[in-house]
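The structure appears below as structure tokens.
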């Protein structure tokens with residue numbers, strides 16, 4: 001009996017070692033010798049061969065086990081599936097295979113009542129999180145839970161994946177979850193009994209970010225409407241939490257006496273329906289505005305411990321910045337500083353991304369409401385619901401000793417539009433000794449005309465000789 005039991009343990013240990021090391025041929029031989037081991041526990045943690053393959057990232061072994069009949073949703077002693085272990089350890093290839101074999105993403109473990117989405121968010125594996133979110137769009141999840149509810153799934157303490165990502169300082173995960181419908185105002189339902197540093201129930205992701213000390217997570221949450229004044233069950237605000245754990249940089253941004261940052265307009269909080277190029281322009285404008293807000297706050301506070309990063313041009317190929325005076329530009333009629341990059345689809349008026357955000361963010365949205373009334377166009381007062389990026393205009397150069405001015409889209413008498421003027425380079429003397437009647441949009445000594453009709457979002461400069 002003892003020899004038989006010893007041999008059985010040796011085979012299991014040998015199989016476990018072969019799986020972890022990725023020895024595919026050895027695994028195949030052992031399973032042919034003892035096929036019943038395919039779904040048996042190989043360790044004290046009650047982990048099956050599939051658990052070990054998923055945890056160690058051995059994709060080929062995992063696929064072999066699945067083909068030989070391994071149970072895809074096998075549970076270990078903490079009721080965790082191979083998919084949960086793969087998400088926790090960032091095994092993206094194993095996640096893909098498990099999802100292909102219809103692994104259940106709605107299983108909660110026994111340790112904290114968390115799903116694979118919780119573990120992917122906490123571990124900071126963005127590609128793993130994306131795969132899980134893609135699997136959550138399947139008809140099975142849509143019919144039972146719904147995509148939005150899955151994004152905001154809670155563990156035993158009411159903690160959502162957004163809470164865990166904010167606590168761990170994974171700003172890219174925070175951004176991904178918020179963009180897919182995570183609630184920035186979600187609160188925990190009870191304190192964690194096994195955590196001495198528990199923040200108490202009623203804590204928001206901003207409380208967790210303040211505890212973790214990540215400035216980028218704090219900025220991301222504030223940009224999506226997180227409330228700096230909200231208190232948890234212990235009466236603590238995020239500012240108090242940051243001060244308590246000596247996260248002074250976060251506390252500077254969370255100080256309720258400082259100015260509020262720019263916040264995403266509530267109608268565009270879940271921007272799946274926005275044109276991708278417009279979304280990038282708005283994200284860039286928001287990041288630049290809040291970078292300036294951050295520098296201003298740190299400068300006013302006289303903080304020497306943190307030097308805010310200089311704003312980065314994340315979308316240099318998307319924004320159209322004027323680089324020299326010889327290029328024709330069309331300035332925004334609101335700020336007269338930036339080039340028009342976005343057009344309101346219904347009325348056709350054009351503005352820069354920064355002004356659109358500023359106009360639509362003058363009232364802070366209620367973070368508990370997914371939508372609110374659409375903002376209004378400042379020129380015609382129609383709803384701003386659809387936006388599109390303005391394509392760069394094609395400049396036409398005429399060969400020869402002169403450069404011409406071309407009128408594009410002539411004015412229509414019934415609409416009252418002014419002509420859209422396209423000017424090439426600076427003012428040039430014509431062959432006959434005269435001069436052009438129109439000059440560049442940003443030429444010195446000119447004045448601007450603002451039309452009140454459909455073209456009221458455009459600027460035209462006129463120079464009089």
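Is it the case that residue 115 is under 23 Å from residue 12 (Cα atoms) and either within 27 Å of the chain's Cα centre (by Cα) or touching a residue at least 24 places away in the same chain (Cβ under 8 Å) (or both)?
In short, no.
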Verdict on residue 30 being more than 29 Å from residue 117 (Cα to Cα) and in a helix (DSSP H, G or I): yes
Would you confirm whether or not segment 83-93 contains a residue that is buried (at least 24 other Cβ atoms within 10 Å of the Cβ) and in a loop (DSSP other than H, G, I, E, B)? yes
Considering each of 110, 121 in turn, give the residue that is at pLDDT below 95 and under 25 Å from residue 145 (Cβ atoms). 110
For segment 186-221, give me each residue that is surrounded by fewer than 24 Cβ atoms within 10 Å (Cβ to Cβ), part of a loop (DSSP other than H, G, I, E, B) and at pLDDT 90 or above. 186, 187, 202, 213
Looking only at segment 122-150, which residues are under 16 Å from the mean Cα position of the chain (by Cα) and within 17 Å of residue 99 (Cβ to Cβ)? 125, 126, 127, 128, 129, 130, 131, 132, 133, 134
State the number of residues belonging to segment 241-267 that are surrounded by 17 or more Cβ atoms within 10 Å (Cβ to Cβ), without any contact (Cβ under 8 Å) to a residue 40 or more places away in the chain and not in a loop (DSSP other than H, G, I, E, B). 2
If a residue must be buried (at least 17 other Cβ atoms within 10 Å of the Cβ), over 23 Å from the mean Cα position of the chain (by Cα) and not in a loop (DSSP other than H, G, I, E, B), how many such residues does segment 94-103 contain? 4
Please determine whether any residue of segment 104-112 is surrounded by fewer than 19 Cβ atoms within 10 Å (Cβ to Cβ), in a loop (DSSP other than H, G, I, E, B) and in contact with a helix residue (DSSP H, G or I) (Cβ under 6 Å, 6 or more places away or on another chain). no
How about segment 152-170: which of its residues are surrounded by fewer than 21 Cβ atoms within 10 Å (Cβ to Cβ) and outside any loop (DSSP other than H, G, I, E, B)? 168
May I ask you to list the residues in segment 28-38 that are touching a helix residue (DSSP H, G or I) at 6+ places or on another chain (Cβ under 8 Å) and closer than 19 Å to residue 72 by Cα? 28, 31, 37, 38
For the list (1) at pLDDT below 75; (2) surrounded by 14 or more Cβ atoms within 10 Å (Cβ to Cβ); (3) in a helix (DSSP H, G or I), I need the number of the one condition that residue 303 fails. (3)
Being under 13 Å from the mean Cα position of the chain (by Cα) and modelled with pLDDT of 65 or more is the filter; apply it to segment 268-285 and report the residue that is surrounded by the most Cβ atoms within 10 Å (Cβ to Cβ). 282
Hey, could you check segment 133-146 for residues that are in contact with a helix residue (DSSP H, G or I) (Cβ under 7 Å, 6 or more places away or on another chain) and not in a loop (DSSP other than H, G, I, E, B) and say which is modelled with the highest pLDDT? 135
Within segment 211-240, track down each residue that is in contact (Cβ under 8 Å) with a residue 12 or more places away in the chain and at positive phi. 213, 225
Go through segment 324-371 and report how many residues are within 21 Å of the chain's Cα centre (by Cα) and at pLDDT below 60. 8
Quick one: what pairs do we get from segment 126-154, first residue farther than 18 Å from residue 84 by Cα, second surrounded by 20 or more Cβ atoms within 10 Å (Cβ to Cβ), C-beta under 7 Å, 6+ apart or different chains? 147/136
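The values are calculated or read from the model by the stated rules, or taken from the named source; none is laboratory data. Bear in mind that the values here come from a model prediction, so they are computed numbers and not experimental data. Positions of Cβ are generated from backbone atoms using ideal geometry, with glycine treated the same way; all protein chains shown enter the neighbour counts.
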